[in-house]
Amino acid sequence: MDTQIKNETAIRTSTAQPTEMKIEVVVIPVSDVDRAKRFYVDLGWRLDLDITADENYRVIQFTPPSSSCSIIFGRGVTTATPGSAPGVHLIVSDIVAARAQLLSQGIEVSKPFYDAGGLFHHASGESLTQGLQPQRNSYGSYASFRDPDGNTWVLQEITVRLTGEPDGGPLRSVNGLQDSLRRAKAAVEMEGRSTTAAMQPQGVTHAS
């Protein structure tokens, strides 16, 4: 009987939907709080709060445009070394336009680059090639910039989202990744054609 109850519990646990979890905040270590604040204001991010509880504790929160995830920095909020935040990715639909806008705001941004291996960019710089991804594949083109402390931000161009394997499993090869991108792109194009067709004026039949 005990074995049966345990098995039924295991089945219920395995089939239950995972608890919803969303990334809410990324903590950025900085050395000069006011300098960092000026940088993110100039970047055009929304200032959500700036609260000082005492001389050792100050919390500042910014949110990038259209993002559901915010950043926090200040005093007494992290013990990480200032400038040590690795490349947090900022997703854009047009990396050329996003980079041009940042440059116009006085932000130093790298030239676009991509990974010649067709996957996520290598941290060592291996296989990185300057320029936009030749086919302008979604997920394929990057550019980066740093805040005054050296915390790195990476722009990544995403125009369609991955669909995964047809059987619902995870992608396990570069070829599978490329096939998934082709399927996603085809689905978006088909949806666009359907929307365009639906918007066309319908013929009117007049009774004689």
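Summary of values
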read-out: Sparsely packed GluC sites (Glu not before Pro) within region 111-196, loop by DSSP, other Cβ within 10 Å at most 16; value: E126
read-out: Euclidean distance of C-alpha centroids, region 172-187 and region 93-161, integer Å; value: 20 Å
read-out: Dipole in debye (nearest 20) - region 22-82, about Cα centre, beta carbon charges: Lys, Arg +1; Asp, Glu -1; value: 140 debye
read-out: Given charges at Cβ of Lys, Arg, Asp, Glu: region 22-82 dipole, positive-most of V33, G74, L47; value: L47
read-out: Region 86-188, Rg to Rh (Cα coordinates; Rh as Kirkwood inverse mean 1/r); value: 1.00
read-out: R0 of 30 Å, Cβ-Cβ distance Q130-V41: FRET efficiency to nearest 0.05; value: 0.45
read-out: Gained length - K185 relative to L49, 0.36 nm times residue gap less alpha-carbon distance; value: 45.0 nm
read-out: DSSP beta bridges in region 22-82 [antiparallel fraction, %, rounded to 5]; value: 80 percent
read-out: Antiparallel DSSP beta bridges within region 86-188, percent to nearest 5; value: 65 percent
read-out: Packing-based exposure ordering (other Cβ within 10 Å, fewest first) of T52, T79; value: T79, T52
read-out: Cα radius of gyration and Dmax for region 22-82 (Å); value: 11.1, 32
read-out: Dipole magnitude of region 1-154 about its Cα centre (Cβ charges: Lys, Arg +1; Asp, Glu -1), debye to nearest 20; value: 300 debye
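Every number in this text was worked out from the coordinates using simple rules, so none of it is lab data. Quick caveat: nothing in here was measured; it's all calculated off a predicted structure. Cβ: placed from backbone, ideal geometry, glycine included. Neighbour counts: every protein chain shown.
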